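The values are calculated or read from the model by the stated rules, or taken from the named source; none is laboratory data. These figures come from a predicted structure and were not determined experimentally. With ideal geometry, Cβ positions are generated from the backbone for all residues, glycine too; neighbour counts draw on all protein chains shown. The accessibility values were calculated without ligands, DNA or RNA, using every heavy atom of the protein model including side chains. Shrake-Rupley method; radii C 1.70, N 1.55, O 1.52, S 1.80 Å.
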Amino acid sequence: RKEVEQDPGPFNVPEGATVAFNCTYSNSASQSFFWYRQDCRKEPKLLMSVYSSGNEDGRFTAQLNRASQYISLLIRDSKLSDSATYLCVVNGAGNNRKLIWGLGTSLAVNP
Amino acid sequence: EADIYQTPRYLVIGTGKKITLECSQTMGHDKMYWYQQDPGMELHLIHYSYGVNSTEKGDLSSESTVSRIRTEHFPLTLESARPSHTSQYLCASTSLTELNSPLHFGNGTRLTVT
C-alpha cells in the first residue's frame, strides 16, 4: 500500500458543480497535511493547509479525519479555472519529518 | 508570495556538457529540496538539505550532485548531461522549525539535453 494515495481521476465536471477529492495516508503519526494545485507544466502551488478542525477558503474546504486517516478537499461552484491536478501532501513526525506526495487527482471543469 | 527563485527557466544543451541549475530563497528556510518531474508524471525527490553543509539523496537515484554552502543557495549540478536528464527540475524550501510549514516552490527549470 502506498503511503499516500489519491484517485488519479480524471474527474470531469460541469461548471458550477461541487466536487470532492479524498486522500488516504498510512502513517498515523503524520502531523501536517496540505493540498497543492499544479497546472500543466507549472510548479505546484499551495492551495490549503489542512487543520484538525477543518478549514475553508472561499469555495474550497479541507478536512482531516485522523481516525480514518484521510484528508479531503471540497470545491464548490467549480470554475473553468479550477481545472488542474490536485496533489495531497503529508508530513510525518519529528524534525526530520518526511514529505510524502500523492500522485495527484486530475480535475477538468467543462463549460 | 514565496521568495524562491530558479534560473534558468529553460535550458537546451548538448550531450556531455556540465550544467548547474541555480536555486535561491530569501525566506531563511533551512530545508531545501530538488524534485524532478516529467510532464504528466509524479514528483520525484532527488536531493534535499536540512541546512548548511547538509545534503542527502532523495528517493529517486540521480546522477546530479548538490551543495549547500549558504542557507539561501542550493545549486544542482550535472557533470555530463545526457538526453535521459531531459526533464523539469523543481526547487523547493520550507522551514525546519515552524510547525505545519508548507513547501514553497520555485518556477522550475525545464532542461532539454540534445
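Overview of results
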quantity	calculated
Qualifying positions in segment B:45-55 - touching a Ser or Thr at 6+ places or on another chain (Cβ under 8 Å) and crowded, with 20+ Cβ neighbours inside 10 Å	B:Ile46, B:His47, B:Tyr48, B:Ser49
Residues of segment A:22-36 classified as at pLDDT below 95 and farther than 19 Å from A:Ser53 by Cβ, total	3
From the options B:Tyr35, B:Tyr5, B:Tyr50, residue that is closer than 30 Å to A:Leu107 by Cα, within 11 Å of chain A (Cβ to nearest Cβ) and aromatic (Phe, Trp, Tyr)	B:Tyr35
Residue check for B:Leu11: at pLDDT 95 or above and more than 12 Å from the chain's Cα centre (by Cα)	yes
Spans of strands (runs of 3 or more DSSP E) in segment B:56-114 with at least 1 residues facing chain A (nearest Cβ under 9 Å) and open to solvent by less than 10 Å² (accessible area, probe 1.4 Å)	B:87-94
Pick from segment B:14-32, criterion assigned to a strand (DSSP E or B) and either open to solvent by less than 30 Å² (accessible area, probe 1.4 Å) or within 13 Å of chain A (Cβ to nearest Cβ) (or both), ranking: farthest from A:Val89 (Cα to Cα)	B:Ile19
Residues satisfying the stated conditions in segment A:77-107, i.e. more than 14 Å from the chain's Cα centre (by Cα), open to solvent by 30 Å² or more (accessible area, probe 1.4 Å) and away from every other protein chain (no Cβ under 13 Å)	A:Asp77, A:Lys79, A:Leu80, A:Ser81
Search result, residues across segment A:1-47 that are farther than 28 Å from B:Leu99 by Cβ and open to solvent by 70 Å² or more (accessible area, probe 1.4 Å)	A:Asp7, A:Pro8, A:Pro10, A:Asn12, A:Pro14, A:Glu15, A:Thr18, A:Cys40, A:Arg41
Out of A:Ser28, A:Ser52, A:Ser32, sole residue that is more than 9 Å from chain B (Cβ to nearest Cβ) and touching a residue at least 24 places away in the same chain (Cβ under 8 Å)	A:Ser28
